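Student: The structure is given below, and queries will be raised subsequently.
Please treat every number below as a calculation from the coordinates, not as lab data. Computed from a predicted model, the values in this text were never measured in an experiment. All Cβ positions, glycine included, derive from the backbone under ideal geometry; neighbour counts span all protein chains shown.
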Amino acid sequence: MATRLRKSRKQRGSRYCGWGQIGQHRQSGARGGVGGAGKHKHFWVRTVIEEPHHFGHEHHFGHESHNSGNHKIVRKWLDVGQLDSLFAHHGSFMENNKAFLDLTSLGYDKILGGGKMQSAMSVKVEQFSATAKQKIESAGGEVFSK
């Protein structure tokens, strides 16, 4: 483009050259902030799409095996009240005709004590709460880990 046709040539002598009387394009208000500003506010959708793991601290301490050993991360759990419906889909019977449910092979880490059991069954799971163990044993079943 020829220099004589440029906008900057046409705006000579107009004092503000199109940038307004007050700001004179010095600040960044039109951009919504500088740097990472607004990621939790007005740029939230952009953050979810472009950086879904930006907020949070799930991998803050490195790999999961670097835990202090005091606790194991429980990723998947269920209540005692859900065992009957889960047995209908994934359960089996042992040689002594006793109901058996292997939760470790289904990916469950822990049983919690919510709900009630209808039938007795043996349950294999990595962790269980004291209430869950009590409810399963009172129904006539047993709980064991690995």
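Student: On a full-extension model of 0.36 nm per residue, what is the gain between LYS7 and ARG31, subtracting their alpha-carbon distance, rounded to one decimal in nm?
Tutor: 6.4 nm
Student: Right, something else. Within the stretch 95-110, name every residue whose backbone N is under 18 Å away from a label modeled 7 Å from Cα of ILE73 along the Cβ vector.
Tutor: Only 107-110 fall inside the zone, counting backbone N under 18 Å.
Student: Arrange the following residues from fewest to most other Cβ atoms within 10 Å of their Cβ: ILE22, ILE111.
Tutor: Placing the least packed residue first, the sequence is ILE22, ILE111.
Student: Using θ = phi - 60° and the Karplus curve 6.51 cos²θ - 1.76 cosθ + 1.60, what whole-Hz ³J(HN,Hα) does each residue of the stretch 74-89 get, with Gly and Pro shown as x?
Tutor: 9, 9, 9, 9, 8, 9, 4, x, 8, 5, 5, 5, 6, 5, 4, 9
Student: Along the stretch 42-50, what does the Karplus equation 6.51 cos²θ - 1.76 cosθ + 1.60 (θ = phi - 60°) give for ³J(HN,Hα), rounded to whole Hz, x for Gly and Pro?
Tutor: Values, residue by residue: 7, 9, 5, 5, 4, 5, 5, 6, 8 Hz.
Student: Does the chain come out rounded, prolate or oblate by the C-alpha gyration tensor, with a ≥ b ≥ c the root eigenvalues, rounded set by a/c under 1.5 and, if not, prolate when a/b is larger than b/c and oblate if not?
Tutor: In terms of gyration-tensor shape, prolate.
Student: With a 10 Å cut-off between alpha carbons and a GNM built on the chain, which of TRP77, TRP19, TRP44 moves the most?
Tutor: TRP19
Student: Figure the gain on full extension for PHE43 and PHE144 (residue separation times 0.36 nm, minus the Cα-Cα span) and round it to one decimal in nm.
Tutor: 31.5 nm
Student: Ok, one more. What does the helix-only formula give at 222 nm for the chain: each DSSP H stretch with n ≥ 4 adding -39500 (n - 2.57), the total divided by the residues, and the result rounded to the nearest 500 deg cm²/dmol?
Tutor: So the helix-based figure for the chain works out to -5000 deg cm²/dmol.
Student: Moving on. Taking the Cα centre of the stretch 77-144 as origin and charging only Cβ (+1 Lys, Arg; -1 Asp, Glu), how large is the dipole, in debye to the nearest 20?
Tutor: The dipole magnitude comes to about 140 debye.
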